[in-house]
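Data first, discussion second: the structure below is written as structure tokens.
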Amino acid sequence: MGSDAAFLERRRRIDALGYDYAAQPRDAVASCNLCGWSVLVELTHRDRYGYPARASACGRCGLVFLDPRMTADAYGLFYQGVYRPLVSAFHGRTIDATTIQAEQRDYAVERAAFLRPFVEGRGFRTMLDIGGSTGVVAHHFAGEFGLEGTLIDPAPLEVEQARRLGLETLTGLVEGHDFGARRFDVVVICQTVDHLLDVRGTLERVRRLLTDGGLLFVDIVDFRAAYLRGWSVEGAVKIDHPYYLTDMTMTAYLRRAGFDVLRTAFAADHLHISYACAPGAASDVLPEPDRVEALFSEVRFVQNAPGPVV
Ligand SMILES: [Zn+2]
């Protein structure tokens, strides 16, 4: 009874936002962003908020993504006024540009320790934080490692906070920004890659934005961890994430974009996986078919088997 009441209360809070997801402009996904294949497998038809958002997977490489997916303009409006209230309604507490900063500070300290061996003593000067939110992480990294920090994010309220921390700020999506001839020694993509509209294009872009011998930090929400912990595939899908990455698909993305993975770490939260990467030669590797089939088998099992008794 208690959990039903909590579910209904959550649904009431989300309904009260009045966000009409079904009315937003969306584009069908014609082919897989990772491998280009066009044979897709529909996995789910609702997301964790109850919105009619369909997630599909690529039948060849196992990449999972929203399909159809909101346009860049619709996502721009979403981040301006809907995203934080929606996440707040889902969790039943206020999560905004102010409250997230304490959480981001802890995250920044933990990830700086992960990156330290790859940054210290390398003579790096500049850093770009893609999707850097309020700038807490970029500010911490800049101070720890003596870097000049630049941050790009689509949420104006969060960028304003970052500007106050003394970072150079750019408001927008990285996919649409012209960096000209600028290069950066360090690029960080923290808790952001799942929000991008074009992961492959962004990683290829980042590869060109990095100086020779530079460093990329990126982390993912592990889709498998997300559905296994809640024993629900729908519960792991949300309109704020166009992509649902796993270690298998993210490693393929990085290698295809021309990155060598220097170190991988499973986060203490048992949800995120972090990667420190150096520029390398691009390779056209894809996940092995038996690993892709294992992912589909596990998804079907979670969808159809009764959950563990708790
Ligand atoms: Zn694919």
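General remarks:
- Atom-type composition of the exposed protein surface of segment 216-310 places 54 percent of the accessible area on carbon and sulfur (1.4 angstrom probe).
- Calculated diffusion of the chain, Stokes-Einstein form, Kirkwood radius summed over Cα pairs, 4 °C and 1.567 mPa s, µm²/s: 64
- Max mean-square fluctuation residue, GNM over the chain, Cα-Cα springs under 10 Å, options ASP269, ASP73, ASP194: ASP269
- The GNM of the chain, with springs linking C-alpha atoms under 10 angstrom apart, assigns the highest mean-square fluctuation among GLY132, GLY213, GLY121 to GLY121.
- Based on protein heavy atoms only, segment 1-61 ends up with 56 Å² per residue of surface accessible to a 1.4 Å probe.
- If you wrap the tightest convex hull around every Cα atom of segment 105-189 and split its volume per residue, you get 84 Å³.
- Each Cα pair under 8 Å and six or more residues apart adds its separation to the average, and for segment 158-273 the resulting relative contact order is 25 percent.
- Student exercise, the chain dipole from Lys, Arg, Asp, Glu Cβ charges, in Debye to nearest 20: 100
- The tail of the calculated P(r) for segment 1-129 beyond 25 Å holds 51 percent of all Cα-Cα pairs.
- Percent carbon-and-sulfur accessible area, segment 65-199, ignoring ligands, DNA and RNA, probe 1.4 Å: 49
- Per residue, segment 116-264 exposes an accessible area of 38 Å² to a 1.4 Å probe, with every protein chain left in place.
- Between THR99 and LEU157, full extension at 0.36 nm per residue minus the direct alpha carbon distance yields a gain of 19.6 nm.
- Rg in Å to one decimal, and Dmax rounded to a whole Å, for segment 13-89 via C-alpha atoms: 13.7, 40
- The chain - percent relative contact order, Cα under 8 Å, separation 6 or more: 16
- Remark: spin-label model distance GLU148-GLU293 equals 5.4 nm, labels positioned 7 Å along the Cα→Cβ axis.
- Descending Cα extents along the principal axes, segment 130-274, whole Å: 42, 33, 29
- Helix runs (DSSP H) in the chain reaching 24 Å along axis by Cα, Kyte-Doolittle at least 1.0: none
- Taking a point 7 Å out from the Cα of ASP73 in the direction of its Cβ, the residues of segment 164-182 whose backbone N falls within less than 17 Å of it are 173, 176.
The values are calculated or read from the model by the stated rules, or taken from the named source; none is laboratory data. Predicted model, so just to flag it, every value in this text is computed and none were measured. As a convention, Cβ positions derive from the backbone with ideal geometry for all residues, glycine included, and neighbour counts pool all protein chains shown. Accessible surface areas use protein heavy atoms only, side chains included; no ligands, DNA or RNA. Shrake-Rupley method; radii C 1.70, N 1.55, O 1.52, S 1.80 Å.
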